[in-house]
Amino acid sequence: DVKVTQSSRYLVKRTGEKVFLECVQDMDHENMFWYRQDPGLGLRLIYFSYDVKMKEKGDIPEGYSVSREKKERFSLILESASTNQTSMYLCASSLQLWEKLFFGSGTQLSVL
Amino acid sequence: QQQVKQSPQSLIVQKGGISIINCAYENTAFDYFPWYQQFPGKGPALLIAIRPDVSEKKEGRFTISFNKSAKQFSLHIMDSQPGDSATYFCAALRGGNNRKLIWGLGTSLAVNP
(Lines give C-alpha, C1' and ligand atoms only; values in the text may rest on other atoms or scores of the structure.)
Protein backbone atom coordinates (compact mmCIF):
# COMPACT_ATOMS: atom_id res chain seq x y z
CA ASP A 1 0.00 0.00 0.00
CA VAL A 2 1.05 3.52 -0.70
CA LYS A 3 2.06 5.37 2.39
CA VAL A 4 2.02 9.13 2.65
CA THR A 5 3.56 10.28 5.90
CA GLN A 6 3.18 13.75 7.33
CA SER A 7 5.79 14.64 9.90
CA SER A 8 3.50 16.01 12.61
CA ARG A 9 -0.08 15.21 13.61
CA TYR A 10 -0.48 18.37 15.68
CA LEU A 11 1.55 21.56 15.56
CA VAL A 12 1.23 24.79 17.52
CA LYS A 13 3.09 27.85 16.33
CA ARG A 14 3.18 31.59 17.06
CA THR A 15 2.22 34.29 14.58
CA GLY A 16 5.17 35.39 12.53
CA GLU A 17 7.03 32.09 12.85
CA LYS A 18 8.31 30.25 9.79
CA VAL A 19 6.63 26.86 9.65
CA PHE A 20 7.69 23.78 7.74
CA LEU A 21 5.26 20.94 7.07
CA GLU A 22 6.92 17.84 5.70
CA CYS A 23 5.43 15.07 3.61
CA VAL A 24 7.04 11.86 2.37
CA GLN A 25 5.60 9.21 0.06
CA ASP A 26 7.04 5.77 -0.50
CA MET A 27 5.61 4.75 -3.88
CA ASP A 28 7.74 6.71 -6.32
CA HIS A 29 4.80 8.90 -7.36
CA GLU A 30 5.50 11.76 -9.73
CA ASN A 31 2.77 14.00 -8.37
CA MET A 32 2.34 15.50 -4.93
CA PHE A 33 -0.19 17.94 -3.54
CA TRP A 34 -0.83 20.15 -0.55
CA TYR A 35 -4.43 20.87 0.50
CA ARG A 36 -5.93 22.62 3.47
CA GLN A 37 -9.22 21.47 4.93
CA ASP A 38 -11.50 23.78 6.87
CA PRO A 39 -15.04 23.07 8.13
CA GLY A 40 -17.61 24.03 5.51
CA LEU A 41 -14.95 24.86 2.92
CA GLY A 42 -13.95 21.37 1.83
CA LEU A 43 -10.52 20.73 0.37
CA ARG A 44 -8.65 23.65 -1.13
CA LEU A 45 -5.52 23.16 -3.19
CA ILE A 46 -2.51 25.20 -2.11
CA TYR A 47 0.25 23.90 -4.39
CA PHE A 48 1.04 20.81 -6.38
CA SER A 49 4.13 19.36 -8.00
CA TYR A 50 4.29 17.07 -11.01
CA ASP A 51 8.03 16.43 -10.94
CA VAL A 52 11.08 17.12 -8.83
CA LYS A 53 11.68 20.86 -8.52
CA MET A 54 8.51 21.58 -10.50
CA LYS A 55 5.63 23.29 -8.75
CA GLU A 56 2.35 24.91 -9.65
CA LYS A 57 0.12 27.21 -7.64
CA GLY A 58 -3.25 25.96 -6.64
CA ASP A 59 -6.29 27.97 -5.64
CA ILE A 60 -4.94 29.53 -2.44
CA PRO A 61 -1.14 29.87 -2.65
CA GLU A 62 -0.89 33.23 -0.90
CA GLY A 63 1.22 33.04 2.24
CA TYR A 64 2.65 29.63 1.31
CA SER A 65 5.58 28.27 -0.63
CA VAL A 66 6.71 24.72 -1.38
CA SER A 67 9.88 22.79 -1.97
CA ARG A 68 10.44 19.52 -3.78
CA GLU A 69 14.13 18.69 -3.89
CA LYS A 70 13.59 14.93 -3.94
CA LYS A 71 10.85 12.92 -5.59
CA GLU A 72 9.55 11.44 -2.38
CA ARG A 73 9.44 14.64 -0.33
CA PHE A 74 7.20 17.67 -0.66
CA SER A 75 7.42 20.44 1.89
CA LEU A 76 4.95 23.22 2.59
CA ILE A 77 6.37 26.40 4.03
CA LEU A 78 4.47 29.15 5.82
CA GLU A 79 6.89 32.07 5.57
CA SER A 80 5.27 34.06 8.37
CA ALA A 81 2.45 32.17 10.03
CA SER A 82 -0.80 34.01 10.68
CA THR A 83 -3.87 33.02 12.67
CA ASN A 84 -5.92 32.56 9.50
CA GLN A 85 -3.58 29.74 8.54
CA THR A 86 -4.87 27.66 11.43
CA SER A 87 -6.17 24.62 9.61
CA MET A 88 -5.83 20.93 8.81
CA TYR A 89 -3.15 20.45 6.15
CA LEU A 90 -3.31 17.37 3.97
CA CYS A 91 -0.57 16.07 1.70
CA ALA A 92 -1.32 13.67 -1.14
CA SER A 93 0.50 11.87 -3.91
CA SER A 94 -0.55 10.14 -7.12
CA LEU A 95 0.94 8.21 -9.97
CA GLN A 96 -1.30 9.84 -12.56
CA LEU A 97 -1.87 13.55 -12.10
CA TRP A 98 -5.25 14.19 -10.43
CA GLU A 99 -6.30 10.54 -10.36
CA LYS A 100 -6.31 8.22 -7.38
CA LEU A 101 -4.81 10.55 -4.82
CA PHE A 102 -3.35 8.95 -1.69
CA PHE A 103 -3.61 11.25 1.30
CA GLY A 104 -1.63 11.42 4.50
CA SER A 105 -3.43 11.65 7.84
CA GLY A 106 -2.98 15.40 7.99
CA THR A 107 -1.33 17.96 10.23
CA GLN A 108 -3.57 20.08 12.43
CA LEU A 109 -1.79 23.40 12.65
CA SER A 110 -2.77 25.99 15.23
CA VAL A 111 -1.27 29.47 14.92
CA LEU A 112 -1.64 31.49 18.09
CA GLN B 1 -17.26 30.04 -7.89
CA GLN B 2 -18.04 26.50 -7.02
CA GLN B 3 -18.33 24.23 -10.03
CA VAL B 4 -19.26 21.08 -8.13
CA LYS B 5 -22.22 21.31 -5.76
CA GLN B 6 -22.69 18.51 -3.28
CA SER B 7 -25.79 17.74 -1.24
CA PRO B 8 -26.86 17.15 1.42
CA GLN B 9 -24.35 18.68 3.79
CA SER B 10 -25.19 16.05 6.38
CA LEU B 11 -27.17 12.83 6.35
CA ILE B 12 -28.45 10.45 9.00
CA VAL B 13 -29.45 6.94 7.93
CA GLN B 14 -30.55 3.89 9.86
CA LYS B 15 -28.49 0.74 9.69
CA GLY B 16 -29.52 -1.26 6.64
CA GLY B 17 -30.88 1.76 4.81
CA ILE B 18 -29.70 3.37 1.60
CA SER B 19 -27.52 6.48 1.77
CA ILE B 20 -27.67 8.77 -1.25
CA ILE B 21 -25.33 11.70 -1.84
CA ASN B 22 -25.69 13.89 -4.89
CA CYS B 23 -23.33 16.08 -6.85
CA ALA B 24 -23.99 18.42 -9.74
CA TYR B 25 -21.43 20.06 -11.94
CA GLU B 26 -21.65 23.19 -14.01
CA ASN B 27 -19.22 22.57 -16.81
CA THR B 28 -19.43 19.87 -19.46
CA ALA B 29 -15.64 19.56 -19.75
CA PHE B 30 -15.20 17.16 -16.85
CA ASP B 31 -14.02 13.64 -17.64
CA TYR B 32 -13.43 11.81 -14.37
CA PHE B 33 -15.65 11.72 -11.28
CA PRO B 34 -14.21 10.19 -8.09
CA TRP B 35 -15.70 9.83 -4.63
CA TYR B 36 -13.49 9.98 -1.57
CA GLN B 37 -14.28 8.74 1.95
CA GLN B 38 -12.75 10.35 5.01
CA PHE B 39 -12.87 8.96 8.54
CA PRO B 40 -12.17 11.22 11.54
CA GLY B 41 -8.45 11.74 12.04
CA LYS B 42 -7.59 10.35 8.61
CA GLY B 43 -7.05 11.78 5.17
CA PRO B 44 -9.57 11.11 2.39
CA ALA B 45 -9.26 7.82 0.53
CA LEU B 46 -10.52 7.03 -2.95
CA LEU B 47 -13.72 5.01 -2.69
CA ILE B 48 -14.94 4.65 -6.25
CA ALA B 49 -14.68 6.62 -9.51
CA ILE B 50 -16.46 6.78 -12.84
CA ARG B 51 -15.81 8.17 -16.31
CA PRO B 52 -18.59 9.72 -18.42
CA ASP B 53 -18.72 6.88 -20.93
CA VAL B 54 -20.66 4.71 -18.46
CA SER B 55 -23.85 5.50 -16.54
CA GLU B 56 -23.24 3.34 -13.49
CA LYS B 57 -20.41 1.67 -11.62
CA LYS B 58 -20.80 -0.67 -8.70
CA GLU B 59 -18.23 -1.85 -6.19
CA GLY B 60 -19.70 -3.92 -3.42
CA ARG B 61 -22.30 -1.86 -1.58
CA PHE B 62 -21.17 1.37 -3.27
CA THR B 63 -22.62 2.53 -6.59
CA ILE B 64 -22.02 5.66 -8.64
CA SER B 65 -24.82 6.73 -10.93
CA PHE B 66 -23.91 9.21 -13.62
CA ASN B 67 -26.35 11.32 -15.64
CA LYS B 68 -24.44 13.20 -18.31
CA SER B 69 -27.40 15.15 -19.68
CA ALA B 70 -28.37 16.38 -16.22
CA LYS B 71 -24.71 16.96 -15.24
CA GLN B 72 -25.25 15.00 -12.06
CA PHE B 73 -23.64 12.05 -10.36
CA SER B 74 -24.54 10.37 -7.13
CA LEU B 75 -23.19 7.89 -4.63
CA HIS B 76 -25.49 5.19 -3.30
CA ILE B 77 -24.49 3.15 -0.28
CA MET B 78 -26.69 0.08 0.00
CA ASP B 79 -27.28 -1.67 3.33
CA SER B 80 -25.55 1.21 5.15
CA GLN B 81 -23.52 0.20 8.20
CA PRO B 82 -22.30 2.18 11.23
CA GLY B 83 -18.78 1.68 9.86
CA ASP B 84 -19.77 3.74 6.82
CA SER B 85 -20.11 6.81 9.03
CA ALA B 86 -17.65 9.24 7.52
CA THR B 87 -17.41 12.35 5.40
CA TYR B 88 -17.81 11.78 1.68
CA PHE B 89 -16.42 14.08 -0.99
CA CYS B 90 -17.31 14.07 -4.65
CA ALA B 91 -14.95 15.59 -7.17
CA ALA B 92 -14.75 16.20 -10.90
CA LEU B 93 -11.66 16.42 -13.05
CA ARG B 94 -11.79 19.37 -15.38
CA GLY B 95 -10.46 18.50 -18.83
CA GLY B 96 -8.55 20.49 -21.39
CA ASN B 97 -5.31 22.40 -20.94
CA ASN B 98 -6.08 23.54 -17.41
CA ARG B 99 -6.78 20.17 -15.84
CA LYS B 100 -7.66 20.32 -12.18
CA LEU B 101 -9.67 18.35 -9.66
CA ILE B 102 -12.68 20.31 -8.44
CA TRP B 103 -14.05 19.17 -5.07
CA GLY B 104 -17.50 19.23 -3.56
CA LEU B 105 -17.74 20.52 0.01
CA GLY B 106 -18.44 17.16 1.55
CA THR B 107 -21.31 15.25 3.19
CA SER B 108 -21.13 14.05 6.75
CA LEU B 109 -22.87 10.67 6.95
CA ALA B 110 -23.95 9.13 10.23
CA VAL B 111 -25.39 5.61 10.19
CA ASN B 112 -27.33 4.82 13.35
CA PRO B 113 -27.11 1.26 14.69
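The values are calculated or read from the model by the stated rules, or taken from the named source; none is laboratory data. These numbers were taken from a predicted model, which means no experiment stands behind them. Note that we place each Cβ from the backbone using ideal geometry, even for glycine, and neighbour counts take in every protein chain shown. Surface accessibility is based on the protein's heavy atoms, side chains included, excluding ligands, DNA and RNA. Shrake-Rupley method; radii C 1.70, N 1.55, O 1.52, S 1.80 Å.
Below is a table of values for the structure above.
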read-out	value
Interface area, B with A, accessible, probe 1.4 Å, both sides summed, Å² nearest 100	1500 Å²
Dipole moment magnitude, nearest 20 debye, the protein assembly as shown about Cα centre, only Lys, Arg, Asp, Glu C-beta charged	180 debye
Spin-label model distance (nm) - B:R99 vs B:Q81, 7 Å beyond Cα toward Cβ	3.5 nm
Segment B:4-112, relative contact order [Cα under 8 Å, separation at least 6], %	37 percent
Reachable aspartates and glutamates from A:K70, criterion Cα separation under 18 angstrom, eight or more residues apart if same chain	A:E22, A:D26, A:D28, A:E30, A:D51, A:E56
In sequence order, calculated HN-Hα J values of segment A:99-112 (Karplus, 6.51, -1.76, 1.60; Hz; x Gly/Pro)	10, 6, 6, 10, 9, x, 7, x, 10, 8, 9, 10, 10, 9
Solvent-accessible area, 1.4 Å probe, carbon plus sulfur percent, for the protein assembly as shown	49 percent
Fraction of antiparallel bridges per DSSP, chain B only, in percent to nearest 5	90 percent
Theoretical gain in end-to-end length, A:L97 to A:R14 [0.36 nm per residue, Cα-Cα removed]	26.4 nm
Efficiency of FRET from Cβ geometry, A:R44 and A:K3, R₀ 30 Å, rounded to 0.05	0.80
Lys pairs, segment B:4-112 - Cα-Cα below 24 angstrom, 8 or more residues apart or on other chains	17
Nitroxide proxy distance, nm - points 7 Å out along Cα→Cβ at A:K71 and A:D26	1.7 nm
B:N67-B:Q3 FRET efficiency (beta carbon distance; Förster radius 22 Å; 0.05 resolution)	0.85
